[in-house]
Structures are given as structure tokens and as C-alpha cells.
Amino acid sequence: VQWYGEVSSSSQLELRFRSGDDAATWSDWSPWEADSSFALQVPEPSNWLQFEARMSTRDLFAGPRLDSVIVSYTTGDLAVSSAAGSITPLQVDIGADADFTYTLDIDVGPADAGVERIIILTPYPATLDLATVTGLGASSIDLAGTYSNNDSLVIAFDPVLSQESQVQFGFRSRLLSGNHNFEALLAASGSANPLRAVTRGDGGDTLSTIVQALSLSFPVLTQVAPTPAVLTPNGDNTNELSTIGFVLGRVTSAPVQVEILDLSGRLVRRLPERMLSAGTYLGETADSTHPGAWDGRNDDGDLVPPGTYIYRIVVDLDPNDETSVGLVGVAY
């Protein structure tokens, strides 16, 4: 989904979607999204799509404007005809490692391409328990293509899953907010548009992919650190960026901003404010799109002098902000 319009620094515009087959019965609403481009999170495949827009402003004289919404989709390269998933347990302690079991019912039709990989959306890097994987039939886990990152667990198969089955596997991860939807995406070989699984049904409400926290006794900011601790912006394509990484807990959506100051406390650089939900934003790899990526330049675009600088992460909460500070070095 992409939307176009005008949103000032004191305004906010968010969209959410739901899908259905008959324009009368609808899925649950997807989470509110403030980014102008994002992956659609609704049950697929479906015939109908509906969206809501939510706009707010802190400026009496200027508000957001929505001009257009573009939804991109494909009808080809579907891995399966349908897929439905559920997870257990449905309640865990927040911020602590927990063992989960995921079950996927997969229906593969004659025209379907088969499942090359399953992606589980996680709030924290996950570890797959290979000993718990069942239901693969003639397929097996492709270890070279299986990995985990800040927001997903990717399980690859060789050959592809090409028959109706119930796949089950265990993994370890963490819950960082009041709840998280561990959605499953199923991708065909070479497809950049995976199919989103719906929730498995058993005639009741006992199955879900949404895990709830038993309590909210968890800090908003943890694991705050720059990677690398010293950046060298000299044009050799090594350590050109330092990423101020962090884990954001408890919040559903909050403005987060990273600032760079010199040792006298003078503001050197204010990185763009981002609306972020609870999740893992560790800076393990150089990524210029990360909310804490700093290239060693000030707000005028000039390289700062070599030395030690202060980074400050500010999470805008009501009534009080959550702040974390530390040091990052520049050398060249």
C-alpha cells in the first residue's frame, strides 16, 4: 500500500485495512500504519478490501491531507490456495524468552506453486527448534535459507511444500508489548508477494496467532547501543554509518527520535522522527533507513570534527518522555 498526501510535523495520518469475500463479512482490522508505504496485513486471498483513515493534528491552522491510496497486488505465483495458522501459548511474560509452537494448515491446489519459505512475523529475533518440525512430507528444512532477524523468522524448504498438510514447528522468541500478532506468510519460489495466512478455526475462540502479555512490567527502552561504537566516514565504505540500535517495549505506536549532541550538550544532528511500534531495532548491520542511522554529519550536511559525541533517544510518551543517552565516536 502507498498513500500520497500532506502531513506536517505536527500532524499524523494513519491507515488500516480489512478484507472479505462478500463485502458483508469482514476480517479484523489490521494495525494502524503511519508510514506512507507498507505491507498490507489482511487475510488473503480475498475479493474485497476496505480501509479507514485516521487523521490528527496539534496545529490549529494545519491538518493532514490524504490525496490518494494505491494498492498493489498480484494474482499469480501463489504458494497455496489457502493457509491457516495458530500459536501456543497465548499468554507469556513480557520481555522474557518463551517457547512457542506454531501450527499451519496448508491447502495446495494443482495450479499452486508450493511453499518455498514460511515467514513468521516476530517482535524479537527467534530461534527455530529443528527437532519439533513435523508435517513436511517429502520436503525438508533448507538450513542455508533459514534465518532470523529483528522482525521475522524465515524457514526455507527444499524441495518446496507441494501437498496438503499440517505443518508444526517450535521456536523461541520474546514478547515486547501488550500483544503481538505472530502472523505467517507463505512464499513461492522467486515470489516477492507472500500469501498471508488466516487464523485456524476450531468452532470456538481458543485458537489465535495473537499472544498476550501477562503483565506490562517491562522498560520502554532496552539494549540501547551504537553499532559500531566508532564510525569512520572517510568514504572507504567501511563503518560509514553508526546505527543507534534499541529494543522498544510496551508501546503500540509512539514517536521516536534520535539526536546527536557534542560534549557541551549542543545539538549537532536531529534524525527524522519515526512512528514506531514495540519491536527490535538493533543496529547489527549498516542500514541507512534505520531510525538511528547516523552518517557523522550535522544538520547542515557537513562532517562533524573527529571526537566523542552523545546520542539521545527520545520516545514521546504522554505525559513523560522516555529517554536513553550514550556515547558514539567519530574518527577519520
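Once the stretch 109-162 is narrowed to residues that are of a type in the set (D, E) and touching a Leu at 6+ places or on another chain (Cβ under 9 Å), the residue that is surrounded by the fewest Cβ atoms within 10 Å (Cβ to Cβ) is D151. Is at least one residue of the stretch 72-84 touching a Phe, Trp or Tyr at 6+ places or on another chain (Cβ under 9 Å) and either assigned to a strand (DSSP E or B) or open to solvent by 70 Å² or more (accessible area, probe 1.4 Å) (or both)? No, because not a single residue in the stretch 72-84 is touching a Phe, Trp or Tyr at 6+ places or on another chain (Cβ under 9 Å) and either assigned to a strand (DSSP E or B) or open to solvent by 70 Å² or more (accessible area, probe 1.4 Å) (or both).
Is the stretch 275-291 home to any residue that is surrounded by fewer than 19 Cβ atoms within 10 Å (Cβ to Cβ), in contact (Cβ under 8 Å) with a residue 12 or more places away in the chain and touching a Gly at 6+ places or on another chain (Cβ under 8 Å)? Within the stretch 275-291, one or more residues are surrounded by fewer than 19 Cβ atoms within 10 Å (Cβ to Cβ), in contact (Cβ under 8 Å) with a residue 12 or more places away in the chain and touching a Gly at 6+ places or on another chain (Cβ under 8 Å). Every listed requirement among (1) closer than 15 Å to P226 by Cα; (2) surrounded by fewer than 13 Cβ atoms within 10 Å (Cβ to Cβ); (3) aliphatic (A, V, I, L, M) is met by L263 save one, (1). The set of residues in the stretch 219-243 being open to solvent by less than 30 Å² (accessible area, probe 1.4 Å) and not in a strand (DSSP E or B) consists of V220, P233.
Listed by first and then second residue, the pairs with beta-carbon distance under 6 Å, at least 6 apart or on different chains, first residue in the stretch 66-91 and free of Cβ contacts under 8 Å to residues at least 60 places away in the same chain, second open to solvent by 50 Å² or more (accessible area, probe 1.4 Å), are S81/D107; T88/T101. Would you say L207 is open to solvent by 50 Å² or more (accessible area, probe 1.4 Å), over 19 Å from the mean Cα position of the chain (by Cα), within 22 Å of D93 (Cβ to Cβ) and not β-branched (V, I, T)? Spelling it out, it is not the case that L207 is open to solvent by 50 Å² or more (accessible area, probe 1.4 Å), over 19 Å from the mean Cα position of the chain (by Cα), within 22 Å of D93 (Cβ to Cβ) and not β-branched (V, I, T). When A192, A131, A113, A138 are checked against the criterion of being in contact (Cβ under 8 Å) with a residue 40 or more places away in the chain and of a type in the set (G, A, S), a single residue qualifies: A113. Checking each residue in the stretch 244-260 for being closer than 16 Å to A96 by Cα and either surrounded by fewer than 23 Cβ atoms within 10 Å (Cβ to Cβ) or touching a Lys or Arg at 6+ places or on another chain (Cβ under 8 Å) (or both) picks out V247, R250.
Somewhere in the stretch 177-189, is a residue within 30 Å of L327 (Cα to Cα), open to solvent by less than 70 Å² (accessible area, probe 1.4 Å), out of contact with any Pro (no Cβ under 8 Å at 6 or more places or on another chain) and aliphatic (A, V, I, L, M)? No, the stretch 177-189 contains no residue that is within 30 Å of L327 (Cα to Cα), open to solvent by less than 70 Å² (accessible area, probe 1.4 Å), out of contact with any Pro (no Cβ under 8 Å at 6 or more places or on another chain) and aliphatic (A, V, I, L, M). Of the residues making up the stretch 94-105, those that are under 20 Å from A197 (Cα atoms) and either open to solvent by 20 Å² or more (accessible area, probe 1.4 Å) or at pLDDT below 95 (or both) are T101, D105. When P125 is tested against (1) under 20 Å from the mean Cα position of the chain (by Cα); (2) part of a strand (DSSP E or B), only condition (2) is not met. For the stretch 258-306, the set of residues classified as modelled with pLDDT under 95, aliphatic (A, V, I, L, M) and in a loop (DSSP other than H, G, I, E, B) consists of A278, L282, A286, listed by residue number. Mind checking whether some residue in the stretch 274-295 is over 28 Å from N181 (Cβ atoms), more than 25 Å from the chain's Cα centre (by Cα) and not hydrophobic (A, V, I, L, M, F, W, C)? There is no residue in the stretch 274-295 that is over 28 Å from N181 (Cβ atoms), more than 25 Å from the chain's Cα centre (by Cα) and not hydrophobic (A, V, I, L, M, F, W, C). The set of residues from the stretch 56-65 being out of contact with any Asp or Glu (no Cβ under 8 Å at 6 or more places or on another chain) and open to solvent by 50 Å² or more (accessible area, probe 1.4 Å) comprises S56, T57, R58, D59, L60, F61.
Is it the case, given these coordinates, that V247 is more than 17 Å from the chain's Cα centre (by Cα) and either in a strand (DSSP E or B) or closer than 28 Å to L176 by Cβ (or both)? So V247 fails the test.
The values are calculated or read from the model by the stated rules, or taken from the named source; none is laboratory data. Since the model is a prediction, treat every value here as computed from it, not as a measurement. Cβ atoms come from the backbone with ideal geometry, glycine included; neighbour counts cover every protein chain shown. All accessible areas refer to the heavy atoms of the entire protein, side chains included, with ligands and DNA or RNA removed. Shrake-Rupley method; radii C 1.70, N 1.55, O 1.52, S 1.80 Å.
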